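Single-structure report; data block below.
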Amino acid sequence: SYQDTRELLFQGSVQYDHNFQDQHLATVGVDVLSEKMKSDRLAPGSGDRRRIGVFVQDQWTLPTKQLFVLMPGARLDIDSQFGVHPTPRLALRYDPHPDWALRAGIGWGYRAPSFKELLMRFENSSAGYVVEGNTDLQPETSRNVNVGVDWTASKSLWLSVSGYRNDVRDLIDFATISDGGVGSPMKFGYVNIAEAVTQGGEVNLKAYLWPGFTAITGYAHTHTHNLQEDRPLEGRPVHQVTGEVFQFVPMTQTTVSARGSWNGSKAYFIDTDGDQEEERVDSKPSTLIDARISQDIAIDRTGLRVFVGIENILNTGHPVYLPIAPRTYYFGLTGRYPINSPSAER
């Protein structure tokens, strides 16, 4: 089918930073956003929204022997659809040793639903499912706590360990709305969960093994709990492993990179036997791998870069539990030309 979509988006930001007393870096700023959309894919046909955010922050470096930084801040969001929401935050960093950094933070969070979550309707007839927006969605608010430790073991090895907990009200989540039936597609959509908890930890490692080569790997453990239904949140893996490798060859100005991720099984709750009771369905683990090669070409003052890559090399995907693009090949060319007039150089 042919669907006409027209979007008008205006986004701007102004920020001012000022140092004073050799200990404080103060920041104040304003974000503005205005968006209008008219589309056949929007349930009501059109949408109109404006938002402004005012923020202030102070990076206060205490006069101590070891680095000790306090960073209080606050933000005020004013939304034409959802009203006014303040979100204060406090973060700190303490370095007991040049190779160690301890970080912690506590704050309040706020996120308003997007046009997609409120209004969009998407139908994939070949795969047998529909995704619908929800005009009754409310903004989600949260209280967040995080702690972390960074260790620079050597010039070629860096390690980070962190943990977090988020207590969320009216969590905006993706859920199964209808299991469909004979001749009817499955229906997914966005819902508010009255109370939910997300918590977990991450371990990240970065290593420079030889000149031009960088390896990054990480593991994340995520525990979620829908307090309203006393079950995990749908579609979120408990275990995730990620990795990236980069090799830059100075002699030829060539960069070769690859990245991948392994995601454990995800929980979904669907009425699979028609008894009006939802059963838990665990999706299979998935592995995604991408690769890219780029070549820099210097011609006089012009810098050109030719690149080619493959996304989703293993052609991973599932029409319901992992609806992503299949194996994709791409190539391109970018260029850069510096413009330096004699007056500018002076």
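Computed with a 1.4 Å probe over protein heavy atoms only, the accessible area of H221 comes to about 70 Å². Computed with a 1.4 Å probe over protein heavy atoms only, the accessible area of T5 comes to about 70 Å². Our coupling estimate for segment 48-58, obtained by passing each phi through the Karplus curve with A = 6.51, B = -1.76, C = 1.60 and θ = phi - 60°, is 8, 7, 9, 8, 9, x, 10, 9, 9, 8, 10 Hz, Gly and Pro reported as x. Under the convention that each Lys and Arg Cβ holds +1 and each Asp and Glu Cβ holds -1, the size of the dipole of segment 249-300 around its Cα centre is about 520 debye. In the full protein context, segment 262-346 carries 71 Å² of accessible surface per residue, based on a 1.4 Å probe and ignoring ligands, DNA and RNA. Using the crude model of +1 on Lys and Arg Cβ and -1 on Asp and Glu Cβ, and no other charge, please compute the dipole size for the chain relative to its Cα centre, in debye to 20. Using only the charged Cβ atoms, the result is roughly 1300 debye. Between the amide H of T272 and those of E279, distances stay under 5 Å, these residues lying 5 or more places away or on another chain, with hydrogens modeled in the peptide plane. Checking the cross-link filter: which lysines have an alpha carbon closer than 20 Å to that of K36, excluding same-chain neighbours under 8 positions apart? Straight-line reach from K36, under 20 Å: K116.
Between I177 and K187, F188, G189, the built amide H atoms are under 5 Å apart, and every one of these is 5 or more places off in sequence or on another chain.
Solvent exposure of M120, expressed as accessible area, is near 40 Å², computed with a probe of 1.4 Å over the protein chains only.
For segment 106-119, backbone phi angles converted through the Karplus equation (6.51, -1.76, 1.60; θ = phi - 60°) give residue-by-residue couplings of 9, x, 10, x, 8, 9, 8, x, 8, 4, 4, 6, 7, 10 Hz, Gly and Pro being listed as x.
Here the accessible area of the chain is 57 percent carbon and sulfur, with a 1.4 angstrom probe and all protein chains present.
Candidates V14, Q66, P86 compared by Cα position along the dipole of segment 14-108: farthest toward the positive end lies P86, with charges placed on Cβ. Listed values for segment 132-137 are Karplus-derived 3J(HN,Hα) couplings in whole Hz (6.51 cos²θ - 1.76 cosθ + 1.60, θ = phi - 60°), namely 10, x, 9, 5, 8, 4, and x replaces Gly and Pro.
Decide, for the chain, between rounded, prolate and oblate: order the square roots of the alpha carbon gyration tensor eigenvalues as a ≥ b ≥ c, take rounded if a/c falls under 1.5, and otherwise choose prolate if a/b is larger than b/c, else oblate. Verdict is rounded for the chain.
Rounded, prolate or oblate: which one fits segment 65-135, using the alpha carbon gyration tensor with axes a ≥ b ≥ c (rounded when a/c is under 1.5, else prolate when a/b beats b/c, else oblate)? Oblate shape, in that a/c is at least 1.5 and b/c is the bigger or equal ratio. In segment 258-346, a dipole from Cβ-located charges (positive for Lys and Arg, negative for Asp and Glu) runs towards its positive end, and of G332, G274, A258 it is G332 whose Cα lies farthest in that direction.
Computed from point charges on the beta carbon alone (+1 for Lys and Arg, -1 for Asp and Glu), the dipole magnitude for segment 216-346 about its Cα centre is near 1080 Debye. The orientation-averaged shadow of the Cα convex hull for segment 76-211, equal to a quarter of the hull surface, comes to 13.1 nm².
Backbone amide hydrogens, once placed in the peptide plane, bring Q59 within less than 5 Å of L25, A26, T27, excluding anything fewer than 5 places away on its chain. If a/c stays under 1.5 just call it rounded; otherwise compare a/b with b/c (prolate if a/b is bigger, oblate if not). Do that for segment 226-341, with a ≥ b ≥ c from the square roots of the Cα gyration tensor eigenvalues. It is prolate, given that a/c is not under 1.5 and a/b is the larger ratio. Once the mean of 1/r is taken over each pair of separate Cα atoms and inverted, segment 140-196 shows a Kirkwood hydrodynamic radius of 15.1 Å. Straight-line reach from K206: which lysines fall under 20 Å, measuring Cα to Cα and dropping same-chain residues less than 8 apart? Answer for K206, where 20 Å is the Cα cut-off: K155, listed by chain and number. If you average the C-alpha positions of segment 15-53 and of segment 192-232 separately, how far apart do those two centres end up, in angstrom? First find each Cα centre; the distance between them is then 28 Å. Scaled to the globular estimate 2.2 N^0.38 Å, the Cα spread of segment 94-144, given as radius of gyration, is 2.08. Here segment 120-155 and segment 264-315 have alpha carbon centers that stand 16 Å from each other. The C-alpha atoms of segment 1-106 occupy a region whose extents along the principal axes are 66, 28, 20 Å, arranged from largest to smallest.
Could you do me a favour and compute the accessible area per residue for segment 1-108, 1.4 Å probe, result in Å²? All intermediate terms of the calculation are to be shown ahead of the outcome.
Values: 7350 Å² over 108 residues.
I get 68 Å² per residue for segment 1-108.
Per residue, the convex hull spanned by the Cα atoms of segment 173-275 amounts to 146 cubic angstrom.
The values are calculated or read from the model by the stated rules, or taken from the named source; none is laboratory data. All values derive from a computational prediction rather than experimental measurement. Counting neighbours? That spans all protein chains shown, and the Cβs are built from the backbone with ideal geometry, glycine included. For the accessible areas, the whole protein counts, side chains as well, though only heavy atoms, and no ligand, DNA or RNA atoms are used. Shrake-Rupley method; radii C 1.70, N 1.55, O 1.52, S 1.80 Å.
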